[in-house]
1. Tell me, in nm to one decimal, what length is gained between Arg110 and Ala170 on full extension, where the rule is 0.36 nm per residue of separation less the Cα-Cα distance?
2. Within the set of other residues whose C-beta is less than 11 Å from the C-beta of Leu289, count the net charge using Lys and Arg as +1 and Asp and Glu as -1.
3. What lysines does Lys116 reach when the alpha-carbon gap must be under 23 Å and sequence neighbours fewer than 8 apart in one chain are set aside?
4. Can you tell which of Ala144, Ala160, Ala121 shows the greatest fluctuation in a Gaussian network model of the chain with Cα springs below 10 Å?
5. Quick one: net charge of Val247's neighbours, Cβ under 12 Å, K/R +1, D/E -1?
6. Under the rule of -39500 (n - 2.57) per DSSP H run of 4 or more residues, summed and divided by the residues of the chain, what mean residue ellipticity at 222 nm is obtained, to the nearest 500 deg cm²/dmol?
7. Output ³J(HN,Hα) for region 255-261: one whole-Hz value per residue in order, computed from phi by the Karplus curve 6.51 cos²θ - 1.76 cosθ + 1.60 with θ = phi - 60°, and x for Gly and Pro.
8. Can you tell me the dipole magnitude for the chain around its Cα centre, using point charges on the Cβ only (Lys, Arg +1; Asp, Glu -1), in Debye to the nearest 20?
Amino acid sequence: MAKSVLGVVGGSGIYDLPGLEQSEWVSVDSPWGEPSDQVRIGLIDGLKVVFLPRHGRGHVYAPSDINYRANIDVLKRCGVTDLVSVSACGSLKEELEPGTFILVDQFIDRTFAREKSFFGAGCVAHVSMAYPVSPKLVDTVEMAARAEDLKYRRGGTYLAMEGPQFSSLAESHLYRAWGCDVIGMTNMPEAKLAREAEICYATVAMITDYDSWHPDHGEVDIQSILKVLHDNASNAQRLVARIARDVPREHPVCPIGSDTALEYALMTAAEVRDPELVAKLDAVAGRLLNAS
């Protein structure tokens, strides 16, 4: 078994990760361009943890401007085996109140202005997204949420919208009719790219508001969201610290194959693959491409 390395992507309001020992901010080059920021690498209870602020420190990047491919690539280069995405979101259900953490298990991708794959012309691959989150990692996240006495629910569908504007009332009602539980702007294509990079992935969706559908809460108000974000941030930091203590030090085999997702996904014959693209895939798909 490989050694576990925990990656944490911090969303809105999560721009640093206190509690890391022997830590430093490190620049990691990627052939896919500039990531959102440096990564902060350190230890929690002896476990290597790699933290990346999704929007950059100071919230520099809007959801559509984030280089998701570079972000996942640098995390892979840092050896990340398990990635926990901590993300702000809106609620589409009455019972899912602001301040609740949702351990998402499904996604609907409605984004349209983002690069969604490491693969393409010259090296084609198709990975399954039927089960996008790793259940063993979610087990660890759930145990940590329970231990920290956080308000959470396991399971839920995350609707990923393009943004940066919030939903219209009609859109919000449509997504509710689809049975979605929460809505956000950043977990796609992040989850897809993590799957392609064979990284076990889990999402902690932190509810900040009721989107625009709720008759008693009206339109989304950024000042109200910021207040909830502040409260959520401290809870999220406690949660991550507990997860790091509980993650198995030897990375277990993923029961849904997140860590071997490319095994039967590559379509392009070795002799006709684009060498430039193959070179860019050295971290993401090197396990298979180097063996071909």
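1. Details: separation 60, 0.36 × 60 = 21.60 nm, distance 1.50 nm.
Full-extension gain reported as 20.1 nm.
2. Surrounding charge for Leu289 is +2.
3. Of all the lysines, those that pass the test against Lys116 - Cα under 23 Å, at least 8 places apart if same chain - are Lys76, Lys192, Lys280.
4. Ala121
5. Here the count lands on +1.
6. -7500 deg cm²/dmol
7. Each residue of region 255-261 in turn: x, 10, x, 4, 7, 9, 5 Hz.
8. Details: 28 positive and 40 negative charges, 103 e Å.
For the chain, the charge dipole is close to 500 debye.
Only the coordinates and a few stated rules stand behind these numbers; no lab work does. Everything quoted here is computed from the prediction, not taken from an experiment. Here the Cβ is made from the backbone with ideal geometry for all residues, glycine too, and neighbour counts use every protein chain on show.
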